[in-house]
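In what follows, a structure is listed as structure tokens, so that the remarks can point back to it.
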Amino acid sequence: MEPGYGGKARRAAHPVPRVASDNVAMQECERLRPTLVRTPSGKTVLDFGQNIAGFLGFDLEAKSGDKLTLYMGEWLERGEFTQRNIDPNKKGRPFQKIEYICKEGRNRYKTRFAIFGFQYVLVETDLAVRPEEFETIVVWSKMEDALEFHSDHALLNQLVECTRWSARNNSADVPTDCPTRERVGWSGDAQIFYNTAAYLFDYAAFGRKYVRDLRDAQHGNGSYTQAAPRCAMAGYMDILDSSAGWADAGVLIPYRMWKRYGDERILREHYESMKHYGSFLIGKCGKKRWLDKKINISAKAAKYLVATGLSYGEWLEPKEAVEFSFNDIAKPHVEENTAYTAYVLKHLAEIARYLGHEEDAKRFHKYEKGCTLAYRELVALPEFSLDTDRQAKLVRPLYMNLLDEKTRAWAKERLVAALDAFGWRVGTGFLSTPFLLFVLQEIDAEKAYRLLENERLPGWLAMPKNGATTIWENWEGTCEENPVSLDHYSKGAVCEWIFSELCGVHVAGENRFLIKPCVGGSLGFAALRYQSIYGEVYSGWRRENGTCTYTVKVPANTTAKLVLPDGERELRAGEHVFVISE
């Protein structure tokens with residue numbers, strides 16, 4: 001366009017070519033009607049029955065000058081409407097507010113240029129409020145649903161649907177953390193949830209666009225950012241951009257996309273960017289500041305220890321397990337940093353080798369092994385000991401395979417003891433929660449089921465049991481004094497285990513599946529229907545009268561390896577049924 005503003009504007013040069021985002025389009029996807037609620041104080045509230053992200057609309061008769069003031073929120077606190085949990089500074093300012101002055105006659109309205117997160121709408125008006133005149137319009141980047149899950153456990157079914165809704169509500173051209181307060185594309189949240197999202201939706205285009213956002217925001221030193229695109233908080237929070245588990249999204253998401261969709265183009269397109277990040281990680285190994293406390297490990301291991309750089313650490317472990325302080329992010333998290341450096345370099349080595357960059361692969365592998373050595377010596381020290389009840393400190397090295405055989409066996413026993421001490425409730429935060437059931441399954445599948453089926457706080461099923469229709473940001477949700485976002489998909493990453501292990505569906509390569517269901521717990525029935533890029537695959541099992549019936553459907557032009565308790569089978573396309581005694 002030509003410069004305007006009465007000739008005062010000047011044309012500016014900009015080196016970035018303007019292109020379309022090449023992403024899934026934001027759409028008005030669903031409409032919900034409310035019920036009318038009178039609060040204990042007599043206020044009028046519309047309850048839409050589901051926490052959503054989108055617009056409010058209404059169609060009503062009014063006189064000129066009539067006024068409606070509408071507030072959107074996620075929560076009724078002791079029956080009263082509140083926005084307390086979405087007020088980040090606790091200043092009592094109104095958020096998600098609409099003021100509408102009516103014209104004479106018919107008034108048709110829906111919000112434009114804004115997305116709100118809400119289930120409840122407080123209505124202040126002198127007009128008669130008729131719920132049939134109001135609706136919510138659910139808005140998200142409309143990826144196709146790819147999965148159906150059913151079981152005979154009602155709360156488990158609800159957990160999956162809570163996760164699906166939170167993922168939808170936080171897919172607004174980028175994967176956001178919540179649709180109310182921050183609305184930021186946090187990279188850590190996106191990477192831990194990626195595998196779950198890729199089951200729930202056709203996630204390829206949406207994920208590919210976000211990887212480009214990560215690369216666009218990448219710093220000149222190679223570090224990816226804690227959020228992409230860069231947001232209003234950039235500047236005063238830049239110091240946390242290289243946080244372990246967050247910045248690592250620039251490698252872990254392309255890797256997982258490659259494994260899920262078999263499309264190596266994502267690796268080739270972003271390899272130089274990922275390699276740059278690998279060099280950044282290597283550059284942090286062995287560095288220390290003059291005021292850092294000395295860590296007494298061998299000189300050989302010290303060359304690979306990652307003891308600098310501020311980081312979020314595990315982030316939001318249950319308050320009952322670990323009392324959180326913001327001071328915790330004003331220091332390096334040596335254990336998390338060293339573990340994630342080894343973990344990411346392992347992935348980079350595999351990518352480099354696959355693409356034929358053998359020298360890069362050797363370099364990444366060398367530092368992966370070095371960081372693993374440093375980690376083993378680190379956790380042998382009293383101040384970093386694995387003799388702890390903090391579940392994350394045990395889950396992380398077990399999942400990432402950072403321990404020697406003897407220590408690994410001991411850490412498994414210690415994790416079970418930690419769970420016993422915590423009443424078999426979840427004690428991990430953002431980073432380790434997705435790993436927890438995988439580690440327990442390796443120890444004993446029944447222990448994984450025991451934790452999954454826990455209905456007390458903190459735990460996954462406690463959310464729907466306490467009325468949640470989306471996933472809470474922290475474990476306590478509305479059950480604590482100061483709740484935060486109630487629509488935050490991160491802890492729903494547990495659904496990856498439900499889909500890949502409980503039902504046992506894995507994409508194992510081009511036109512190839514591994515189906516290895518894990519039967520257990522109190523469940524008598526579970527089934528998964530997944531629309532992969534190779535066709536629709538189905539895995540279900542039912543227990544009754546001392547037997548378990550497995551039903552598997554393999555799509556056309558594909559094969560599957562089926563692993564059951566009595567052995568392995570090679571399956572071709574079609575439906576297959578097997579009955580096995582338990």
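Key figures
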{"item": "Residue in the range 156-177 that is in contact with a His (Cβ under 8 Å, 6 or more places away or on another chain) and modelled with pLDDT under 95 present", "result": "yes"}
{"item": "Members of the range 259-310 that are within 25 Å of His357 (Cβ to Cβ), of a type in the set (A, V, I, L, M) and in contact with a Leu (Cβ under 9 Å, 6 or more places away or on another chain)", "result": "Leu267, Met274, Leu281, Ile282, Val306"}
{"item": "Residue check for Ala352: of a type outside the set (D, E, K, R), assigned to a helix (DSSP H, G or I) and more than 18 Å from Ala301 (Cβ to Cβ)", "result": "yes"}
{"item": "Exclusive hit being within 30 Å of Phe95 (Cα to Cα) and either crowded, with 18+ Cβ neighbours inside 10 Å or not β-branched (Val, Ile, Thr) (or both), set Ala198, Ala228, Ala146, Ala205", "result": "Ala228"}
{"item": "Enumeration of residues in the range 554-567 that are closer than 13 Å to Trp541 by Cβ and in contact with a His (Cβ under 9 Å, 6 or more places away or on another chain)", "result": "Leu562"}
{"item": "Output for the range 440-489, where each listed residue is hydrophobic (A, V, I, L, M, F, W, C), assigned to a helix (DSSP H, G or I) and within 21 Å of Arg396 (Cβ to Cβ)", "result": "Leu440, Ile443, Ala445, Ala448, Leu451, Leu452"}
{"item": "Qualifying residue in the range 239-254 (condition: part of a strand (DSSP E or B) and under 21 Å from the mean Cα position of the chain (by Cα))", "result": "no"}
{"item": "Residues (touching a helix residue (DSSP H, G or I) at 6+ places or on another chain (Cβ under 8 Å), over 21 Å from Gly117 (Cβ atoms) and not hydrophobic (A, V, I, L, M, F, W, C)) located in the range 170-202", "result": "Gln191, Tyr194, Asn195, Tyr199"}
{"item": "Residue that is farthest from Ala227 (Cα to Cα), among those in the range 182-191 that are of a type outside the set (Lys, Arg) and surrounded by fewer than 24 Cβ atoms within 10 Å (Cβ to Cβ)", "result": "Glu182"}
{"item": "Selection count where residues are closer than 20 Å to Ala349 by Cα and either in contact with a His (Cβ under 8 Å, 6 or more places away or on another chain) or free of Cβ contacts under 8 Å to residues at least 12 places away in the same chain (or both), scope the range 218-241", "result": "1"}
{"item": "Top-ranked residue in the range 513-570 [being in contact (Cβ under 8 Å) with a residue 60 or more places away in the chain, farther than 24 Å from Leu451 by Cα and polar (S, T, N, Q); ranked as surrounded by the most Cβ atoms within 10 Å (Cβ to Cβ)]", "result": "Ser532"}
{"item": "Hits in the range 1-33 (condition: within 24 Å of Asp202 (Cβ to Cβ), surrounded by 10 or more Cβ atoms within 10 Å (Cβ to Cβ) and modelled with pLDDT under 80)", "result": "Ser21"}
{"item": "Selected residue (only one of Asn221, Asn327 is exposed (fewer than 15 other Cβ atoms within 10 Å of the Cβ), of a type in the set (S, T, N, Q), modelled with pLDDT of 95 or more and over 30 Å from Glu510 (Cα atoms))", "result": "Asn221"}
{"item": "Filter result for the condition that a residue is in a helix (DSSP H, G or I), within 13 Å of Ala244 (Cβ to Cβ) and assigned by TED's automatic domain parsing to the domain that holds Asp177, over Asn327, Asn337", "result": "Asn337"}
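Yes/no matrix, rows are residues, columns are (1) farther than 25 Å from Asp566 by Cβ; (2) of a type outside the set (Lys, Arg); (3) assigned by TED's automatic domain parsing to the domain that holds Gly459:
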site: Trp497; (1), (2), (3): no, yes, yes
site: Phe513; (1), (2), (3): no, yes, no
site: Leu523; (1), (2), (3): no, yes, no
site: Arg529; (1), (2), (3): no, no, no
site: Ser532; (1), (2), (3): yes, yes, no
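The rows are residues; the columns are (1) part of a strand (DSSP E or B); (2) without any contact (Cβ under 8 Å) to a residue 60 or more places away in the chain; (3) assigned by TED's automatic domain parsing to the domain that holds Ala53; (4) buried (at least 18 other Cβ atoms within 10 Å of the Cβ).
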site	(1), (2), (3), (4)
Lys103	no, yes, yes, no
Arg108	yes, yes, yes, no
Gly117	yes, no, yes, yes
Val123	yes, no, yes, yes
Thr136	yes, no, yes, yes
Asn157	no, yes, no, no
Arg164	no, yes, no, yes
Asp177	no, no, no, yes
Thr180	no, no, no, yes
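The values are calculated or read from the model by the stated rules, or taken from the named source; none is laboratory data. These numbers were taken from a predicted model, which means no experiment stands behind them. Note that each Cβ is placed from the backbone with ideal geometry, even for glycine, and that neighbours are counted across all protein chains shown.
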